[in-house]
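What follows is a short report on a single structure.
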Amino acid sequence: METKLTLRLDEKLIGRAKSYARKSGKSVSQLVAGYFGVLGARAGEKGSSEMTPKVKSLRGTLRGADLNINDYRRHLEEKYR
């Protein structure tokens with residue numbers, strides 16, 4: 001069941017939230033719901049093991065890649081030279 005929630009926020013923050021929501025193709029309500037869901041996951045609530053949208057988007061990106069810890073070390077050495 002969905003219930004309406006009223007928030008009082010600074011106008012600039014609301015504008016930034018609406019802009020971010022528009023760019024991400026979501027509503028401000030969806031963003032807030034997602035954030036609250038992450039809070040529950042961090043608090044260790046039962047049944048809150050759902051991945052965040054960012055993690056979901058990365059899932060499977062390395063499937064089939066032949067990488068190991070030495071590849072990662074080499075990457076870090078080159079990155080921080």
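The values are calculated or read from the model by the stated rules, or taken from the named source; none is laboratory data. Quantities reported herein were computed from a predicted structural model and do not represent experimental measurements. A quick note on method: Cβ atoms are made from the backbone with ideal geometry, for glycine too, and the neighbour counts reach across all protein chains shown.
Is it true that Val32 is surrounded by 13 or more Cβ atoms within 10 Å (Cβ to Cβ), at pLDDT below 90 and part of a helix (DSSP H, G or I)?
Criteria not met by Val32.
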Subject >> Failed condition for Gly40, given (1) at pLDDT 85 or above; (2) in contact with a Gly (Cβ under 9 Å, 6 or more places away or on another chain); (3) not in a loop (DSSP other than H, G, I, E, B) >> reply: (1)
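Could you list all residues from the stretch 10-21 that are surrounded by 10 or more Cβ atoms within 10 Å (Cβ to Cβ) and over 16 Å from the mean Cα position of the chain (by Cα)? Lay out the reasoning, then the answer.
Step one: filter the stretch 10-21 for residues surrounded by 10 or more Cβ atoms within 10 Å (Cβ to Cβ), giving 13-21.
If the condition is that a residue be surrounded by 10 or more Cβ atoms within 10 Å (Cβ to Cβ) and over 16 Å from the mean Cα position of the chain (by Cα), then Leu13, Ile14, Gly15, Arg16, Lys18, Ser19 are the ones that fit.
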Subject >> Checklist (1) part of a helix (DSSP H, G or I); (2) surrounded by 10 or more Cβ atoms within 10 Å (Cβ to Cβ); (3) at pLDDT 90 or above applied to Lys26, failing item >> reply: (1)
Original post:
Can you tell me which residue in the stretch 50-74 is surrounded by the most Cβ atoms within 10 Å (Cβ to Cβ), limited to those that are within 25 Å of the chain's Cα centre (by Cα) and not in a loop (DSSP other than H, G, I, E, B)?
Top reply: Pro53
